[in-house]
Amino acid sequence: MTSTFSREDAFAGWSRLHGGIDPAGSVWIRGWVRVAHACASPLIRAGVSPSAATVLGVLVTASVPMIALAGSGWPLLALVVVLVGAVLDGVDGAIALRTGTASRWGRVLDSFADRCSDLLLILTLVILGAPVWLGVGLAVATLMLESVRASAQAAGMEGPGALTWWERPSRVIVTSFAAASSGIVWCARQLGVTVVPWIDGASLATLYSIAAGLLAVAGLVHLLVAVHLQLRR
């Protein structure tokens, strides 16, 4: 089954689970789906269930803030762990699709796991140096976006409503950049290299968090408009 599952099958399966939205229309979602299905193949052969992959993804992501807290060059390892957790986050759906084991409970568990991972990634930004108030604001905006989506789906909307600028791939990318920047700045200073004296890991984490906040607000507005139009129909 896994050997004959093509890229088109992966896109079609994702589209069925997300209200008919074509993932090929977004470079981030398209890449996300392709990586998830590529990594799902060995896990399927190993007999890993979708729920097991979901739980494992959260546990891996939970270690990211602790690694970042160590400071120095450790955020570079946090970057790797963020990416591993992100892959596991997408793999559970790919496993369910390709093995025919998708369930309503699986969707609830996946949504809960996603929100836990979102908050853990935002906590990582704060640990890397972003102000607490900015992290709290970003968390609120992210949860509001997902709350609107969930409420609209409960009211009869099919799929995510719209693919905004602040989806799971964007959240992973922002945290990855912040972790990479923090680690690289520390390594550069150990080598005596200072490109911009006033730039450090904390200020970069703040800049990334501000950018994330703008994306979250824009995404929330975009989703509200899309939901309003779809539910009116």
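Taking the numbered list (1) in contact with a Pro (Cβ under 7 Å, 6 or more places away or on another chain); (2) under 30 Å from Met157 (Cα atoms) in turn, Ala53 passes all entries but (1).
Considered as a group, the residues in segment 106-119 that are touching a residue at least 12 places away in the same chain (Cβ under 8 Å) and more than 19 Å from Gly219 (Cβ to Cβ) include one that is least open to solvent (accessible area, probe 1.4 Å), and that residue is Ala113. In segment 1-44, which residue that is modelled with pLDDT of 80 or more and of a type in the set (Val, Ile, Thr) is least open to solvent (accessible area, probe 1.4 Å)? Out of the qualifying residues, it is Val33. For segment 84-109, the set of residues classified as touching a Pro at 6+ places or on another chain (Cβ under 8 Å) and of a type outside the set (Gly, Ala, Ser) consists of Asp92, Ile95, Thr99, Thr101, listed by residue number. Only residues that are surrounded by fewer than 19 Cβ atoms within 10 Å (Cβ to Cβ), among the small types (Gly, Ala, Ser), modelled with pLDDT under 95 and within 29 Å of Gly13 (Cβ to Cβ) were counted across segment 45-79, and they come to 5.
Take the conditions (1) open to solvent by 10 Å² or more (accessible area, probe 1.4 Å); (2) touching a helix residue (DSSP H, G or I) at 6+ places or on another chain (Cβ under 6 Å); (3) modelled with pLDDT of 95 or more; Thr175 misses just one of them, which is (1). When segment 130-151 is filtered for residues that are surrounded by fewer than 21 Cβ atoms within 10 Å (Cβ to Cβ) and outside any helix (DSSP H, G or I), only Pro131 remains.
Screening Trp166 against (1) open to solvent by less than 30 Å² (accessible area, probe 1.4 Å); (2) closer than 30 Å to His228 by Cα; (3) part of a helix (DSSP H, G or I) leaves a single unmet condition, (3).
Pick from Gly159, Gly183: which is in contact (Cβ under 8 Å) with a residue 24 or more places away in the chain and assigned to a loop (DSSP other than H, G, I, E, B)?
On the way: Gly183 fails: assigned to a loop (DSSP other than H, G, I, E, B).
Testing whether each residue is in contact (Cβ under 8 Å) with a residue 24 or more places away in the chain and assigned to a loop (DSSP other than H, G, I, E, B) leaves just Gly159.
Take the conditions touching a residue at least 24 places away in the same chain (Cβ under 8 Å), of a type in the set (A, V, I, L, M, F, W, C), open to solvent by less than 40 Å² (accessible area, probe 1.4 Å) and closer than 30 Å to Ile127 by Cα and apply them to Val82. Does it pass? Yes: the conditions hold for Val82. Within segment 191-213, does at least one residue satisfy the condition of being in contact with a Phe, Trp or Tyr (Cβ under 8 Å, 6 or more places away or on another chain), in a helix (DSSP H, G or I) and within 19 Å of Asp89 (Cβ to Cβ)? Yes, segment 191-213 contains a residue that is in contact with a Phe, Trp or Tyr (Cβ under 8 Å, 6 or more places away or on another chain), in a helix (DSSP H, G or I) and within 19 Å of Asp89 (Cβ to Cβ).
Looking at Gly183, Gly156, Gly192, Gly161, just one residue is at positive phi, at pLDDT below 95 and open to solvent by less than 40 Å² (accessible area, probe 1.4 Å), and that residue is Gly161.
The values are calculated or read from the model by the stated rules, or taken from the named source; none is laboratory data. Keep in mind that this is a model prediction, so the values were computed, not measured. Backbone-built Cβ (ideal geometry, glycine too); neighbour counts: all protein chains shown. Side chains are part of the model used for accessible areas, which takes the heavy atoms of the whole protein and leaves out ligands, DNA and RNA. Shrake-Rupley method; radii C 1.70, N 1.55, O 1.52, S 1.80 Å.
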